[in-house]
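Below: one structure, written as structure tokens.
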Amino acid sequence: MKLLARLTLALTLQFSTLAMMAQTAPVKGEVPLDNWGVIGDKAGKWTPAQAEGRVTFSGEGFGDKGKLPAAFFPKTELKQGQTLELSAKIFFTGVSGTGNFRFGLFLKRSKDHARGWLGYCAFAGLEKNFPNGGLYARMQGNDTTFDSVDESNPEAAPRLLSNAKGAIQNIRNGAYHLTMSLKRTGKEIECTARLVSEGEAAIPAVEYAAIDSQPATYAFDTLGFSTRQVLSVDVLEFSDVKLSLKGD
């Protein structure tokens, strides 16, 4: 009986380990997303409505100042030659003023998910403090929000990987197509990011391409977005959101 109990315990531990591995290391293909919400919204005031593949953030006060919508996924580590690809359609409603919309792929590190993230953040939209936009990599010492560019603490300030390619367009009411990819080659990560209007002209609001030769992380588990206060978006809708892991 003791031998049987030991075998049962061993098998239970083995299956538990395999289950944990399945949650933290997705196989190639589509990576599932869940738990959409606004970082710091403990009361759930801006919990998004989800229906027919659409995730809609709105509600009283949503556009009053910058919000940090996010979605989480199983921790995914990039191996040699692998690429993590994000694509989504975004619809902005009630845009007031110019300013930044920021988006990226990250690894969250704090218990409240509010600070300390590592990863890559792309700036879209015109803002006088960032006339050339910016694709940023978070440093290991980051202890602020994922989109902060506070340079008072050099260890926490992000590294600028690239300015925008070409002119930057204002964010306006309407639909945009967002894409971002992270490809690992050796110790480097090649990062691309685009936000393109879906109007007749299909004009890129912003476009980036850069190589990070000293990544702070190869693992990611969060999509992060930011509607900065100066942008003021009353309704933010995501649809056709797909995250995929490709390569060997």
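A short reminder: the numbers here are calculations on the coordinates, not readings from a lab. Since this is a predicted model, take the numbers as computed values, not measurements. As a convention, Cβ positions derive from the backbone with ideal geometry for all residues, glycine included, and neighbour counts pool all protein chains shown.
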Tell me the GluC sites (Glu not before Pro) within the range 181-229 that lie in a loop according to DSSP and have at most 16 other beta-carbon atoms within 10 Å. GLU198, GLU200
What lysines could a cross-link reach from LYS89, if we take a straight Cα to Cα line under 24 Å and drop same-chain neighbours fewer than 8 places away? LYS28, LYS45, LYS65, LYS67, LYS75, LYS108, LYS165, LYS183, LYS242, LYS246
In whole Å, how far is the Cα centre of the range 184-199 from that of the range 100-171? 14
Per DSSP H run of n ≥ 4, the term is -39500 (n - 2.57); total these for the chain, divide by its residue number, and report the mean residue ellipticity at 222 nm rounded to 500 deg cm²/dmol. -3500 deg cm²/dmol
Mind jotting down a quarter of the surface of the convex hull over the alpha carbons of the range 62-130, in square nanometres, one decimal? 6.6
I need to check one value: relative contact order of the chain, counting alpha carbon pairs closer than 8 Å and at least 6 residues apart, in percent. 31
Convex hull volume of the range 14-154 per residue (C-alpha atoms, cubic angstrom): 174
Gaussian network model of the chain, springs between alpha carbon atoms under 10 Å - residue of ALA209, ALA49, ALA122 with greatest fluctuation: ALA49
Could you go through the range 102-115 in sequence order and give the Karplus-derived ³J(HN,Hα) for each residue, using 6.51 cos²θ - 1.76 cosθ + 1.60 with θ = phi - 60°, rounded to whole Hz, and x for Gly and Pro? 10, 8, x, 10, 9, 10, 7, 9, 9, 4, 8, 6, 8, 7
For the range 221-228, Karplus-derived ³J(HN,Hα) couplings (6.51, -1.76, 1.60; θ = phi - 60°; whole Hz; x for glycine and proline) come out as 8, 8, 9, x, 9, 9, 9, 5
Among (i) 56, 45, 31; (ii) 73, 41, 39; (iii) 76, 36, 33, which one is Cα extents along the principal axes in Å computed from these coordinates? (ii)
Can you give me the long-range amide H partners of ASN173? Hydrogens built in the peptide plane at 1.01 Å from N, cutoff under 5 Å, separation of 5 or more residues or another chain. VAL95
Can you give the longest run of the chain that contains no trypsin sites (Lys or Arg not before Pro) sitting in a DSSP loop with at most 10 other Cβ atoms inside 10 Å? 129-248
From the phi angles alone, apply the Karplus equation (6.51, -1.76, 1.60; θ = phi - 60°) to the range 239-248 and give each ³J(HN,Hα) in whole Hz, x where the residue is Gly or Pro. 8, 6, 7, 9, 10, 10, 10, 10, x, 6
Of the convex hull drawn through the C-alpha atoms of the range 94-239, the volume per residue in Å³ is 117
